[in-house]
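A short worksheet on the structure shown next.
The values are calculated or read from the model by the stated rules, or taken from the named source; none is laboratory data. Here the structure is a predicted model, which is why all the values come from computation and not from measurement. Note: ideal-geometry Cβ built from the backbone for every residue, glycine included; neighbour counts use all protein chains shown. Each accessible area value is taken on the protein alone, full model and side chains, heavy atoms only, with ligands, DNA and RNA left out. Shrake-Rupley method; radii C 1.70, N 1.55, O 1.52, S 1.80 Å.
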Amino acid sequence: MKTKLSLNILFLLLCITSNAQKELWGVNTGSENNVNDPAAYLGNITKYDINGENPVIMHEFDLTHGAIPKGRLLLASNGKLYGTTVEGGNFFFNGAQNVYAGVLFEYDLIFDKFRVVHYFDYSSNPVATNPDIGVIEPIQGILVGATNNRMYKYNIADESIAFSNALPFSNSIHGELIKASNGFVYGTSYAGNCQSTSSPEPYLGNIVRYNMTTNNLSFAHSINCNEQLIKGSTPTTQLIELSPGKVYGTCRNGGSNMFANPFLRGGTLFEFNVNTNVFTKKVDFEYASKGLSPLNLVDNGDGKIYGISEEGGVQSTCSLTGEYGTLYEYDTVLNTYEIKQYFNDCISNDFTIRYPKFLAKTSLGHFIGCDFYGNIFKYVLNTNTITRPSFGYNVANLIEICRKPSYREFTPDTFAPATGSAFTYDIQNTNATTYVWKKGNVVLPAQNTAVLNLPNVTQADNGVYTCTMTNECGTTVTMNLFINVDNLSVSFDDYFKNKIELYPNPTQNNLNIELPKNIDVTIKTIKIANSLGQLVREQNSTNTTIDVSQLQTGMYYISLTTNYGNWNGKFVKD
């Protein structure tokens with residue numbers, strides 16, 4: 001019994017450890033109403049655990065580097081995340097306010113660093129701007145995305161970008177893209193209202209096809225204005241391919257039940273054969289019995305599709321009001337439709353979820369989604385239960401990533417500790433399971449944590465150090481860390497003159513000292529002198545916040561004595 005219990009505990013610990021590196025990453029769109037408002041929140045990148053809990057904001061957007069991200073993130077073959085923003089970046093002034101063009105960005109999961117890799121630009125290409133969907137990687141090293149009515153190819157290696165031709169009839173691409181088994185990239189678009197119900201022009205929706213070789217964008221199938229009752233209208237979500245050649249998608253409006261509900265719209269689920277270009281409607285949505293305005297679909301891997309409808313769905317056993325959408329199952333083999341969950345006030349107030357707008361499936365088998373209000377919900381198919389693990393704010397979508405070990409970039413990467421002193425360096429990793437430090441090619445068996453610890457350095461410790469970190473997702477080898485015990489002529493100030501910051505500067509009340517985060521720097525004394533060199537403050541303290549409110553206005557010099565040496569800087573007292 002004791003042995004069986006121990007084995008069960010060990011199995012549980014292994015499961016917990018293996019799942020700890022699996023994370024959900026998503027974007028928060030922020031406030032879309034007026035990005036020029038200084039008080040507007042412009043969105044963020046947030047990570048969660050695999051169950052949609054424990055959110056941590058990893059990056060906050062601004063107008064300079066992109067704002068209002070809407071599209072899904074992509075984990076590319078180089079291990080970095082890529083995404084887009086519909087606002088921010090380059091702009092032009094339209095006579096009343098700045099109008100922004102959006103950006104394509106990269107997020108380094110190893111160093112937790114964000115950078116813009118392309119600024120869309122009205123001046124160079126006024127119609128190829130404002131992407132509101134993400135990118136895919138149909139060919140290794142090549143990303144494909146879409147602006148309002150064009151697709152583009154972005155080369156990760158040389159950071160070049162090439163745009164396709166524009167779609168006719170003012171069509172706008174709104175559905176996330178897929179690469180189908182025939183080698184082409186597919187998406188969905190629509191133009192808006194029809195001029196007349198008999199118009200043959202493809203205003204109500206299209207399946208678009210992109211040839212990466214020729215850079216040509218075209219319609220693979222169109223929904224004309226006189227076909228909305230037959231096929232549906234306004235396809236806005238990503239297609240999915242269940243078997244070679246057969247893709248499935250949804251139209252938010254139209255269908256045979258379009259006028260059978262008070263909202264005068266219904267929606268459809270369709271199958272499209274990319275080899276024959278044959279479009280087949282499979283399901284007509286109806287407000288009460290099936291829900292209203294279907295959104296994205298998820299392949300369950302067994303011939304069944306799971307999806308959400310944004311509104312509608314009346315549960316006969318629910319005495320409370322509110323029909324806020326459905327979660328349903330569609331069997332592509334049997335051609336059957338079944339509602340699995342109603343989003344309405346029958347759900348406990350602790351777990352109220354309304355108007356679902358996104359759904360995905362994790363590697364653990366459960367579904368994760370988010371609703372109109374940005375709350376995250378979790379659906380377990382085996383038990384047919386739904387819960388809300390996280391409150392959110394404008395969460396747009398989520399992807400699962402298995403995150404390799406990360407660490408803080410070595411800045412600086414060279415150190416000159418004094419002979420006989422203790423040297424410690426923390427690479428600040430939290431998600432590795434093993435650590436192997438090397439000096440050159442020699443393994444250091446005693447160094448098996450995220451902190452390199454040399455208690456009494458000598459010239460024998462001179463060399464180049466690296467740490468190899470592993471977890472279930474892979475291996476990360478750090479950049480080189482250089483230690484030169486002989487280099488005693490180089491001062492602490494030389495190494496850290498750009499790595500210690502004083503803020504706010506200028507200041508009126510408190511002056512904060514930000515120390516390097518990778519090594520254990522301890523302040524022993526602080527001296528402050530005025531512009532004439534006269535000492536006005538001296539204290540023995542490890543406190544990194546100094547009250548300077550009693551100092552007169554002007555410039556001051558500050559000197560720090562630390563366990564690594566001396567550092568000098570200056571600040572202005574307002």
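Can you list residues whose amide H is under 5 Å from ILE353's amide H, if they're 5+ apart or on another chain and H is modeled 1.01 Å from N?
Hits under the 5 Å cutoff: ASN344.
Residue by residue through the stretch 151-163, what is 3J(HN,Hα) from phi via Karplus (6.51 cos²θ - 1.76 cosθ + 1.60, θ = phi - 60°)? Round to whole Hz and write x for glycine and proline.
Result, rounded to whole Hz: 9, 9, 10, 10, 8, 4, 5, 9, 6, 8, 9, 9, 9.
Where the accessible area of the stretch 404-486 is counted over protein heavy atoms with a 1.4 Å probe, how much of it, in %, is carbon and sulfur? All intermediate terms of the calculation are to be shown ahead of the outcome.
On the way: 1960 of 3770 Å².
Here carbon and sulfur together make up 52 percent of the probe-accessible area.
With every protein chain present, what accessible area does GLU329 have (1.4 Å probe, heavy atoms only), rounded to the nearest 10 Å²?
The value for GLU329 is about 20 Å².
State the answer as a single residue: which of SER233, SER170, PHE270 lies farthest towards the positive end of the charge dipole of the chain, with beta carbon charges of +1 for Lys and Arg and -1 for Asp and Glu, about the Cα centre.
Checked the options; the winner is PHE270.
Nearest 5 percent is fine: what portion of the DSSP beta bridges confined to the chain is antiparallel?
On the way: 154 of 158 bridges.
Looking only at bridges with both residues in the chain, the antiparallel portion is about 95 percent.
Stretch THR545-LYS524 to full length: gain in nm at 0.36 nm per residue minus the Cα-Cα span? Mind dumping the intermediate values first?
Numbers: separation 21, 0.36 × 21 = 7.56 nm, distance 1.36 nm.
Gain in length upon complete extension: 6.2 nm.
Which value, in debye to the nearest 20, gives the size of the charge dipole of the stretch 163-297 about its Cα centre, when Lys and Arg are +1 and Asp and Glu are -1 at the Cβ? List each step's numbers first, then the result.
Numbers: 9 positive and 7 negative charges, 24 e Å.
Charge dipole of the stretch 163-297: 120 debye, to the nearest 20.
Obtain the radius of gyration and the Kirkwood radius of the chain from its C-alpha atoms and give Rg over Rh.
1.05
Which angle between 0 and 90 degrees, to the nearest 10, do you get for helix 2-20 versus the longest principal axis of the chain when only C-alpha atoms count?
80
With Cβ to Cβ distances under 9 Å as the rule, what net charge do the other residues near PHE111 carry (K, R +1; D, E -1)?
-1
What number comes out for accessible area per residue over the chain if the probe is 1.4 Å? Units Å², please. Write out the running numbers ahead of the final one.
Details: 25670 Å² over 574 residues.
About 45 Å² of surface per residue is accessible.
Multiplying the sequence separation of VAL477 and ILE230 by 0.36 nm and subtracting their Cα-Cα distance, what value in nm do you get? Walk me through the intermediate numbers first.
On the way: separation 247, 0.36 × 247 = 88.92 nm, distance 5.69 nm.
Stretched fully, the VAL477-ILE230 segment lengthens by 83.2 nm.
Could you check the simple spin-label distance between GLU329 and GLN428, using points 7 Å along Cα→Cβ, in nm with one decimal?
About 4.7 nm, to one decimal.
Based on the mean of other beta carbon atoms within 10 Å per residue, what is the order of 442-453, 206-217, most packed first?
Working: 442-453: 14.2, 206-217: 18.2.
The peptides rank, most packed first, as 206-217, 442-453.
I'd like the FRET efficiency for TYR355 and THR411, computed as 1/(1 + (r/R0)^6) with the beta carbon distance as r and R0 of 51 Å, rounded to 0.05. If you can, show how the numbers build up before the last one.
Details: r = 45 Å, r/R0 = 0.88.
Efficiency, from the Cβ-Cβ distance: 0.70.
What is the set of long-range amide H partners of ASN165 at a cut-off below 5 Å, with H atoms built 1.01 Å from backbone N?
LEU217
So for the chain, taking the charge dipole from beta-carbon charges (+1 Lys/Arg, -1 Asp/Glu), which of ILE427, ASN568, ASN211 sits furthest toward the positive end?
Result: ILE427.
What does the charge dipole of the stretch 418-574 about its Cα centre add up to, to the nearest 20 debye, if the Cβ of each Lys and Arg holds +1 and the Cβ of each Asp and Glu holds -1? Before the final figure, lay out each step's value.
Values: 10 positive and 12 negative charges, 32 e Å.
Rounded to the nearest 20 debye, it is 160 debye.
Just in the stretch 123-201: which chymotrypsin sites (Phe, Trp or Tyr not before Pro) are loop by DSSP and have at most 13 other Cβ atoms within 10 Å?
Answer by residue number: there is no such site.
May I ask you to compute the full-extension gain from ASN215 to SER289, defined as 0.36 nm times their residue separation minus their alpha-carbon distance, rounded to one decimal in nm? Before the final figure, lay out the partial values.
Values: separation 74, 0.36 × 74 = 26.64 nm, distance 4.34 nm.
22.3 nm is the gain from fully extending ASN215 to SER289.
How large a share of the accessible area of the stretch 85-144, in percent, is made up of carbon and sulfur atoms when the probe is 1.4 Å and the other protein chains stay in place? Please report the intermediate quantities before stating the final value.
Details: 1240 of 2410 Å².
Heavy-atom surface of the stretch 85-144 belonging to carbon and sulfur, 1.4 Å probe: 52 percent.
Could you compute the net charge surrounding THR383? Neighbours are other residues with a C-beta less than 15 Å from the C-beta of THR383; K and R count +1, D and E count -1. Display every interim value, and only then the final one.
Details: positive: LYS340, LYS378; negative: GLU329.
Charge balance near THR383 sits at +1.
Give a residue-ordered list of calculated ³J(HN,Hα) values for the stretch 169-176 (Karplus: 6.51 cos²θ - 1.76 cosθ + 1.60, θ = phi - 60°; whole Hz; x for Gly, Pro).
Coupling constants for the stretch 169-176: 6, 6, 5, 10, 7, 10, x, 4 Hz.
What is the ratio of the Cα radius of gyration of the stretch 384-542 to 2.2 N^0.38 Å, where N is its residue count, to two decimals?
Details: Rg = 21.1 Å, N = 159, 2.2 N^0.38 = 15.1 Å.
The stretch 384-542 yields a ratio of 1.40.
Quickly rank 116-129, 533-546, 398-411 as a protection proxy: mean count of other C-beta atoms within 10 Å, highest first. Could you put the intermediate results ahead of the total?
On the way: 116-129: 16.6, 533-546: 11.8, 398-411: 18.7.
Final packing ranking: 398-411, 116-129, 533-546.
Let me check I've understood the local charge: for TYR328, count other residues with C-beta under 10 angstrom from its C-beta, Lys and Arg +1, Asp and Glu -1. What total comes out?
0
Solvent-accessible area of PHE270, probe 1.4 Å, all protein chains present, reported in Å² to the nearest ten, please.
That residue has around 0 Å² of solvent-accessible surface.
Treat every Asp and Glu Cβ in the stretch 46-186 as -1 and every Lys and Arg Cβ as +1, leave all other atoms uncharged, and give the resulting dipole magnitude about the Cα centre to the nearest 20 debye. Write out the running numbers ahead of the final one.
Details: 9 positive and 14 negative charges, 74 e Å.
Roughly 360 debye, rounded to the nearest 20.
So for the pair ASN566, ASN484, with labels modelled 7 Å out along Cα→Cβ, what separation do we get in nm?
According to this spin-label approximation, the distance is 2.2 nm.
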